[in-house]
Amino acid sequence: SGPSPPVPSASALVSTFTRWDATTWRPPVAVVPRVMSAAEMDRARATVLADALEGNELPAETPLPKLVRWVLPEESGYVFAECMTKEGIHLVGEPNGSSRYVGKNSSEWQKAKKTRLAVVQCVARYSSDPRVDPPRTPSTLEAMWFYYRDYGIPCLRERGFEPDSPLPPLADYAASQGDWTFYPVGENPDRRLRVDDFRVCPEVPWKVLLNP
């Protein structure tokens, strides 16, 4: 057999996407997502729920509902807000994965036991997919790096923003398990990312990475 074909360098590979639509982004490398058994995912969920009960000052033996479905970070804010609203606490989801309270006296509703219980119940029904957490596969990290280089950073730049530090070289990024911050953490309130910025330039397109 002849010699193996040369492996293309990162500079020779380019993502494909429709500008600026993150749902169309596709990495230039084949992605093999992290594989977890159902039992492993259930154990990860149990740890998250135990921490949620403790953080919300609720008894460890508090009965919790069954999982409805796993949720990805880019949809978590909307799903959580919808769940909480059904519990009588009106929240609005944001594209960065957060939710905000719609009403007065936000500090008071956060302290109420009813609210704290609803929070944990919603986390139980719609738990975060643990496959997004480290350790991440080498191909997932590689694809994430290409996403930032080809789509994420140019997307932010076009909207007037820049990450606080440059994207490390691919080898360094992968070796650190992706320990790099995409969104800038600015102190100037007039230069903070807006809702539409998070929507157009999502932090990680997990739906693509977990379903190649």
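The values are calculated or read from the model by the stated rules, or taken from the named source; none is laboratory data. Just so it is clear, the structure is predicted and the values come from calculations on it, not from any experiment. As a convention, Cβ positions derive from the backbone with ideal geometry for all residues, glycine included, and neighbour counts pool all protein chains shown. These area figures cover heavy atoms from the full protein model, side chains too; ligands, DNA and RNA do not enter into them. Shrake-Rupley method; radii C 1.70, N 1.55, O 1.52, S 1.80 Å.
Restricting to helices (runs of 4 or more DSSP H) lying wholly in region 134-212: which have 1 or more residues that are of a type in the set (Val, Ile, Thr) and open to solvent by less than 30 Å² (accessible area, probe 1.4 Å)?
Hits in region 134-212: 138-147, 153-158, 195-200, 206-210.
Filter the helices (runs of 4 or more DSSP H) completely within region 32-118 down to those with at least 1 residues that are touching a helix residue (DSSP H, G or I) at 6+ places or on another chain (Cβ under 8 Å), more than 30 Å from Asp21 (Cβ to Cβ) and of a type outside the set (Ser, Thr, Tyr).
Filter on region 32-118 gives 38-55, 106-111.
Consider only pairs whose beta carbons are under 8 Å apart and that are at least six residues apart or on different chains; among these, list those whose first residue lies in region 70-99 and is free of Cβ contacts under 8 Å to residues at least 12 places away in the same chain and whose second residue is among the small types (Gly, Ala, Ser).
Glu82/Gly93; Leu91/Ala81; Leu91/Ser99; Val92/Ala81; Val92/Ser99
Return the pairs, sorted by first residue and then second, in which the second residue is among the acidic types (Asp, Glu), the first residue lies in region 145-156 and is under 13 Å from Pro184 (Cα atoms), the beta carbons are less than 7 Å apart, and the residues are 6+ apart or on different chains.
From residues that are under 13 Å from Pro184 (Cα atoms), the pairs are Leu156/Glu162.
Do you know which residues across region 9-26 are open to solvent by 60 Å² or more (accessible area, probe 1.4 Å), of a type in the set (A, V, I, L, M, F, W, C) and over 21 Å from the mean Cα position of the chain (by Cα)?
Residues satisfying the conditions are Ala12, Val14.
So in region 165-201, with the set limited to residues that are modelled with pLDDT of 90 or more and of a type in the set (Asp, Glu), which one is farthest from Gly97 (Cα to Cα)?
Asp172
Please go through (1) under 15 Å from Tyr126 (Cα atoms); (2) exposed (fewer than 15 other Cβ atoms within 10 Å of the Cβ) for Met41 and return the number of the only condition it doesn't satisfy.
If we test Met41 against (1) under 15 Å from Tyr126 (Cα atoms); (2) exposed (fewer than 15 other Cβ atoms within 10 Å of the Cβ), just (2) comes out false.
In region 145-187, what residues are at positive phi and in contact with a Pro (Cβ under 7 Å, 6 or more places away or on another chain)?
Gln177
If only one of Val29, Val35, Val79, Val71 is under 18 Å from Met144 (Cβ atoms) and open to solvent by less than 40 Å² (accessible area, probe 1.4 Å), which one is it?
Val29
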